[in-house]
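First the structure, in the form of structure tokens, and then the observations on it.
The values are calculated or read from the model by the stated rules, or taken from the named source; none is laboratory data. It should be emphasised that the depicted structure is a prediction, and the values quoted were computed from it without experimental measurement. Virtual Cβ from ideal backbone geometry, glycine too; neighbours counted across all protein chains shown. Surface accessibility is based on the protein's heavy atoms, side chains included, excluding ligands, DNA and RNA. Shrake-Rupley method; radii C 1.70, N 1.55, O 1.52, S 1.80 Å.
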Amino acid sequence: MSPSLQSDRLTWENEELASVEAGTKFQVSAFDFRSDITTSTSGRQFQAILGVSSNDGWTASGSKVFEDKMADLAGRAASLFMISSTMSNQVAIRTHLNRPPNGIICDARSHIMHQEVGAIGQLSGALPLAIYPQNGLYLTLEDIEENIVLSDGTDTCTCPTRLLHLENPLGGVVMPVEEMKRIKQYADKHSLTVHMDGARLWEAVACGAGKLEAFCSQVHSLNLCLTKGLGGSVGSFLVGDSEFIRHAKWVRKSLGGSMRQPGWVAAAGWAAVGEVFGQDPSGQDAWRLRRTHDLARRLAKHWEDLGGRLVVPQQTNMVWLDLDAAGIDEDSWESGGQERGILLHCSRLVTHYQISDEAVVCLEQYMADMMQNLQQRRRLQTRIPRPEAVARLAKTMRRGLELARLQGYRK
Ligand SMILES: *Cc1c(COP(=O)(O)O)cnc(C)c1O
């Protein structure tokens, strides 16, 4: 048994023990690459639930203790506990954009464009200007400057940009702190607001791209998710200054997002933070996340060694395979995986902390078998794209990188 496999086992034995003590059954999602939302609630989360006072949060304003801890971790004044990241982003945007006309600049590949039901239109009446980053990886100040609509209303036909929406990481690719600083300075100069969808910001910190507060200090508000890589059961956090959070509480309430006794959910969430990220904002204790990055790197390299292409480079816990270029259709990719006990979704592989080393070996073998006939296989005929958001997103990701290459931004 490899040392890593051994430490996996020990970890899960502890989890099993913790969940038995908590009176629950714990099952690891060891072979599930569909997303990092597929992790099961860990034993330590169940134990944390048992340890809380049932009255925490009676003001229906959320879990104060937990919110304060999260704000501290992010190095900001205040935070608000949310049901989901969608709610967190939408409450933030609605709070910022309280005086139409409202223009938003965001990445064409961002979650708010593809996976939030068009809610920025419904809730904030905002017009998104979705742009492809010219480097194929992340938005830069130059991308924003080229597309910005700065208007004082003299020309009444324009929809002025009010908000810059940054997603970090996006598709597993990190926007560096330096770029965020440039964007924030520009935004401040032009009285624009910057919101960051940092659902998976933990991953950026874990891979060494910067400390949590370094990212969090470069925006007016940000969303942090508990249920992706951290494996928490419920919730997300909206973080920002006190005035902003005070107003966001109204908006959250208006959307039905206030919770009566969220203390036990919050306790599970805090346990997930401690267990998977650690409580040090430098991310030095996030070895569980770093392991998932190593696994993703290994899978990406294996795929490329087999002659496969990636849709975007692998940096954190995601690998976007170019199945089209390999002549593999998504349906057979998924069903073939399932026959071997591996769960796959579209062309994106996500490694989370419950993925086992055995599953990676199994997936590597599956890749090799699928790619064996690559030379003989005909290119796929153009298909109607699958309706799944991730499949559509993969197409958008690839288009972005291809545009960048055409423009000579990347070799
Ligand atoms: C998953 C995700 C969301 C939405 O999260 P929910 O909790 O499912 O609403 C928002 N932004 C990003 C980047 C995400 O990955």
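Go through the range 62-84 and give me each residue that's at pLDDT 95 or above and among the basic types (Lys, Arg). Result: 76, single match.
Just one of (1) at pLDDT 95 or above; (2) in contact with a Leu (Cβ under 8 Å, 6 or more places away or on another chain); (3) surrounded by 23 or more Cβ atoms within 10 Å (Cβ to Cβ) fails for residue 295. It is (2). Exactly one residue out of 110, 124 is within 16 Å of the ligand (Cβ to nearest atom) and out of contact with any helix residue (DSSP H, G or I) (no Cβ under 9 Å at 6 or more places or on another chain): that is 110.
Just checking, does the range 85-105 include any residue being of a type in the set (D, E, K, R), open to solvent by 50 Å² or more (accessible area, probe 1.4 Å) and away from the ligand (no atom under 16 Å from the Cβ)? Looking for residues that are of a type in the set (D, E, K, R), open to solvent by 50 Å² or more (accessible area, probe 1.4 Å) and away from the ligand (no atom under 16 Å from the Cβ), one finds at least one in the range 85-105, hence yes. Filtering the range 232-262 to residues that are surrounded by fewer than 16 Cβ atoms within 10 Å (Cβ to Cβ) and at positive phi leaves only 256. Close contacts from the range 274-285, counting a first residue that is more than 15 Å from residue 227 (Cβ to Cβ) and without any contact (Cβ under 8 Å) to a residue 60 or more places away in the chain and a second that is open to solvent by less than 30 Å² (accessible area, probe 1.4 Å) and in a loop (DSSP other than H, G, I, E, B), with Cβ to Cβ under 6 Å and a gap of 6+ residues or different chains, come to 278/286; 285/278.
Scan 4, 40 and give me the residue that is within 22 Å of residue 318 (Cα to Cα) and at pLDDT 70 or above.
Details: 4 fails: at pLDDT 70 or above.
Step by step, each of 4, 40 is checked, and only 40 is within 22 Å of residue 318 (Cα to Cα) and at pLDDT 70 or above.
Screening 135, 98 for residues that are of a type in the set (S, T, N, Q) and either in contact with an Asp or Glu (Cβ under 6 Å, 6 or more places away or on another chain) or at pLDDT 95 or above (or both) leaves exactly one candidate, 135. For the range 163-217, residues that are within 16 Å of the ligand (Cβ to nearest atom), open to solvent by 10 Å² or more (accessible area, probe 1.4 Å) and aromatic (Phe, Trp, Tyr) total 0. Screening the range 74-159 for strands (runs of 3 or more DSSP E) wholly inside it with 2 or more residues that are free of Cβ contacts under 8 Å to residues at least 40 places away in the same chain returns the ranges 126-131.
So, residue 129, is that one under 24 Å from the mean Cα position of the chain (by Cα), away from the ligand (no atom under 16 Å from the Cβ) and either surrounded by fewer than 17 Cβ atoms within 10 Å (Cβ to Cβ) or on the phi < 0 side of the Ramachandran plot (or both) or not? Don't jump to the end; show me each part of the working.
Numbers: under 24 Å from the mean Cα position of the chain (by Cα): yes; away from the ligand (no atom under 16 Å from the Cβ): yes; either surrounded by fewer than 17 Cβ atoms within 10 Å (Cβ to Cβ) or on the phi < 0 side of the Ramachandran plot (or both): yes.
So residue 129 fits the description; yes.
Scanning the range 230-275 for residues that are in contact with a Ser or Thr (Cβ under 9 Å, 6 or more places away or on another chain), within 15 Å of the ligand (Cβ to nearest atom), in a loop (DSSP other than H, G, I, E, B) and within 24 Å of residue 119 (Cα to Cα) yields 233, 234, 235, 257, 259. Scanning the range 61-84 for residues that are open to solvent by less than 10 Å² (accessible area, probe 1.4 Å) and within 14 Å of the ligand (Cβ to nearest atom) gives 81, 82.
Selection of the range 218-231 for residues being open to solvent by less than 10 Å² (accessible area, probe 1.4 Å) and under 30 Å from residue 27 (Cβ atoms) yields 223, 224, 225, 226, 229, 230, 231.
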